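Here the structure comes first, spelled out in structure tokens, and everything after it is commentary.
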Amino acid sequence: MENIIKKQLDQELTINHNIEIADGVYEMSLTGDTSLVTAPGQFINIKLPGFYLRRPISICEYDMKDHNGLVIIYKVVGQGTDLMSGMQAGDKLWCLMGLGNGFDVETTGDHVLLVGGGVGTPPMYGLAKELLMKQKKVTVVLGFASKKDAFYIEKFEELGKNMNGSDIEVRVATVDGSLGTKGFVTDCLEGLDTVTDYCACGPIPMLKALYGYYDGKITGQLSFEERMGCGFGACVGCSIATKSGNKKVCKDGPVFLSSDIEM
Amino acid sequence: MDISTELSGLKLDNPIIPASGTFGFGEEFAKLYDINILGSFSFKGTTREARFGNPTPRIAECREGMINSVGLANPGIDVVISDELPKLKKVFKKPVIANISGFSIDEYKYCCERIDKEEQVGIIEVNISCPNVHAGGMAFGTNPDSAAEVTEAVKSVTSKPVFMKLSPNVTDIKEIAIACESAGADGISLINTLLGMRIDIKRGRPVIANKMGGFSGPAIFPVALRMVYQVYEAVNIPIIGMGGVSTAEDVVEMMMAGASAVQIGAANLTDPYICPKIIERLPELCKELKIERLSDVIGRAHG
């Protein structure tokens with residue numbers, strides 16, 4: 001069997017911690033072989049006992065040096081994520097690793113706007129880290145429903161403090177106004193004159209609003225979400241129509257150029 | 001230990017065939033393992049024109065299974081022949097099963113005539129679960145006359161073995177199988193997915209945009225097994241059995257019901273390495289069951 005395997009996507013990871021960081025939102029760190037994870041914005045597909053399909057969850061950050069761990073953030077939205085929320089340190093999970101294309105850090109400009117909506121926030125964290133490492137200026141705009149749903153704001157701010165001389169600004173919008181600006185992420189974009197491009201992950205209405213706000217004057221990379229069967233390009237369950245043809249969100253995405261998408 | 005089998009003169013090293021729609025044109029799996037280990041595989045259902053398929057979301061989870069309403073998303077027969085088959089040739093050296101779909105008799109004929117000229121194709125598998133646009137959208141496979149009509153039309157344009165892939169959403173699977181055999185089919189593939197549905201109780205709306213879709217996975221295995229068993233008694237042509245097969249034990253069970261070879265569908269999506277795992281386990285299992293030649297068990301459960 002070993003001699004015919006070319007690439008082993010399925011890796012057994014061990015939970016280090018699994019803690020609630022906002023209302024129904026959990027941060028889980030996992031240890032194991034994560035060498036197939038190569039870009040921020042990729043995801044893993046998690047096998048849960050008692051459930052037929054795996055759960056695709058985006059990677060928040062990953063061990064870029066030793067390839068031996070990653071962090072995911074997930075919201076309890078159904079029975080699968082509810083089961084996950086009760087898991088303990090030491091429990092093991094089989095995960096298909098390093099799925100999707102992720103954000104292309106190389107092609108970003110000098111001042112990148114990162115926009116995360118709800119649980120679209122996590123991939124922005126790993127991305128911010130890599131952009132700062134490349135000496136880019138980063139503005140992060142996060143949108144949540146309410147203060148109780150918000151997370152990682154300080155973590156983003158700390159990124160700036162921890163990385164000497166790096167330049168990061170964090171803005172927050174909540175729909176009910178309980179934290180930051182009242183409204184949506186697009187209500188927080190005033191005065192960002194030097195922004196060169198954006199990277200975003202969140203609900204489709206948010207991606208559309210961002211796209212519409214810049215109306216082609218600034219373009220960027222958008223990460224999409226879709227119900228998936230396999231997560232690695234086999235079942236064609238998660239298709240999206242793009243200007244360059246039908247694509248698979250799991251395999252060709254989840255990140256697409258805004259210029260390639262029919263909004 | 002001999003785990004080889006045969007389908008209409010086509011010798012397979014083992015009975016394991018990834019099912020259409022779960023294996024694309026082999027490209028993703030060829031990156032994960034050497035797909036030449038497979039008996040064969042049935043490529044993504046192909047139609048005359050390129051199709052996006054149904055609107056998303058088109059996947060829903062079920063207990064021990066899933067529902068899909070992908071809706072025959074495919075690049076169209078011309079691109080399959082010009083791009084996919086040459087790419088496949090580089091990574092798969094065995095004859096492949098061409099899965100063909102159509103929304104009219106003409107479309108089936110056109111696609112089969114085109115694919116007939118492709119040397120790589122060992123068997124044509126004809127999916128008759130699609131709606132007939134000229135007959136009020138009723139699926140060809142739900143009526144013995146229209147199933148026979150497709151069989152006859154396809155047989156008239158190809159010299160390759162033709163396996164008719166039957167829909168389980170019928171009152172009597174035997175009469176459809178008999179109709180296909182009488183019209184000249186070389187074999188029968190069964191079962192396609194069962195029509196199913198899920199509702200999101202938080203929204204009070206169907207999970208899938210198309211409302212309903214095809215139910216597959218381990219939950220349907222007993223239904224598939226029963227139908228293979230019934231069809232084996234009704235016809236004299238070889239059967240490819242499928243529906244929820246996920247283990248080597250399921251493979252043997254399906255063969256004992258009457259299948260000469262077995263397709264693995266949904267299981268490929270939850271474990272991309274399931275086929276090599278089953279192929280590795282089969283000789284071991286045969287030894288445990290004191291089976292010397294796997295093909296000897298075909299239809300053993302009968303009589």
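The values are calculated or read from the model by the stated rules, or taken from the named source; none is laboratory data. Computed from a predicted structure; not experimentally measured. Every residue, glycine among them, receives a Cβ derived from its backbone with ideal geometry; neighbour counts consider all protein chains shown. With ligands, DNA and RNA removed, areas are computed over all heavy atoms of the protein, side chains included. Shrake-Rupley method; radii C 1.70, N 1.55, O 1.52, S 1.80 Å.
Tabulated data for the structure shown
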item: Burial of 40 Å² or greater, region B:61-83 residues [accessible area, probe 1.4 Å, versus chain by itself]; result: B:GLU61
item: Accessible carbon and sulfur surface of region B:98-257 relative to its total accessible area, %, 1.4 Å; result: 51
item: For region A:57-70, 3J(HN,Hα) per residue [Karplus equation, 6.51 cos²θ - 1.76 cosθ + 1.60, θ = phi - 60°, Hz, x = Gly/Pro]; result: 10, 6, 8, 7, 8, 9, 6, 7, 8, 9, 6, 10, x, 7
item: Whole-Hz ³J(HN,Hα) from phi, Karplus 6.51 cos²θ - 1.76 cosθ + 1.60, for region A:43-56, glycine and proline x; result: 9, 10, 10, 9, 7, 10, x, x, 10, 6, 8, 7, 9, x
item: Charge-dipole axis of region B:5-295 as Lys and Arg at +1 and Asp and Glu at -1 on Cβ define it, positive-most pick from B:ALA139, B:ILE178, B:GLY9; result: B:ALA139
item: Shielding by partners, peptide A:53-65 (average Cβ within 10 angstrom, other chains); result: 1
item: B/A buried area, accessible surface, summed, 1.4 Å probe, Å²; result: 3000
item: Computed over chain B: relative contact order in percent, which uses C-alpha pairs under 8 Å that are six or more apart; result: 20
item: Neighbour net charge for B:MET164 - beta-carbon separation under 14 angstrom, K R +1, D E -1; result: -3
item: 5 angstrom amide H check on A:ARG55, placed H, neighbours 5+ away; result: A:ILE46, A:LYS47, A:LEU48
item: Burial ranking of peptide ranges A:16-29, B:242-255, B:99-112, B:289-302 (average Cβ count within 10 Å, highest at the top); result: B:242-255, B:99-112, A:16-29, B:289-302
item: Number of partner chain Cβ atoms within 10 Å, mean per residue of A:222-235; result: 6
item: Cα-Cα over 25 Å, subset of A:LYS7/B:LYS211; B:LYS94/B:LYS155; B:LYS94/B:LYS290; A:LYS129/A:LYS182; result: A:LYS7/B:LYS211; B:LYS94/B:LYS290; A:LYS129/A:LYS182
item: Between region A:31-105 and region B:230-274, the Cα center-to-center distance that results, in Å; result: 32
item: Spatial separation of Cα centroids for region B:87-143 and region B:166-190, in angstrom; result: 16
item: Highest average packing first - A:108-116, A:80-88, Cβ atoms within 10 Å; result: A:108-116, A:80-88
item: Approximate spin-label separation B:ALA209-A:HIS17, in nm, with each point projected 7 Å along Cα-to-Cβ; result: 4.1
item: Amide H contacts of A:VAL172 (H built 1.01 Å from N, under 5 Å, at least 5 apart or other chain); result: A:LEU142, A:THR181
item: Cα gyration tensor, region B:5-295 - rounded (a/c under 1.5), prolate or oblate; result: rounded
item: Hull shadow area, averaged, the protein assembly as shown [alpha-carbon convex hull, nm²]; result: 26.6
item: Euclidean distance of C-alpha centroids, region B:1-58 and region A:113-152, integer Å; result: 41
item: Unit charges at the beta carbon, dipole of chain A: most positive-side option, A:PRO49, A:ILE218, A:THR174; result: A:PRO49
item: Magnitude of the charge dipole, region B:120-173, Cβ model with Lys/Arg +1 and Asp/Glu -1, debye to 20; result: 200
item: Chain A: C-alpha pair distances exceeding 23 Å, %; result: 51
item: Among A:33-44, B:190-201, the order from most to least packed when residues are scored by Cβ within 10 Å on average; result: A:33-44, B:190-201
item: Given charges at beta-carbon only (K, R positive; D, E negative), |dipole| of region A:128-254 in Debye; result: 380
item: ³J(HN,Hα) computed for each position of region A:238-254 - Karplus, 6.51 cos²θ - 1.76 cosθ + 1.60, integer Hz, glycine/proline x; result: 10, 5, 9, 7, 10, 5, 9, x, 6, 10, 9, 4, 6, 9, 7, x, x
item: Modelled FRET efficiency - R0 56 Å, A:GLU169 with B:VAL133, Cβ distances, 0.05 increments; result: 0.50
item: Volume in Å³ per residue [convex hull over Cα atoms, computed for region B:123-210]; result: 111
item: Around A:LYS155: net Lys/Arg minus Asp/Glu count, Cβ-Cβ under 14 Å; result: -3
item: 12 Å beta-carbon shell around B:MET255, net charge (K/R +1, D/E -1); result: -2
item: Per residue solvent-accessible surface (Å²) - region A:224-263, probe of 1.4 Å; result: 37
item: Dipole of chain B, positive direction: furthest Cα of B:CYS112, B:ALA219, B:GLY187, with charges on the beta-carbon; result: B:ALA219
item: Residue mean of other protein chain beta carbons inside 10 Å, B:20-26; result: 3
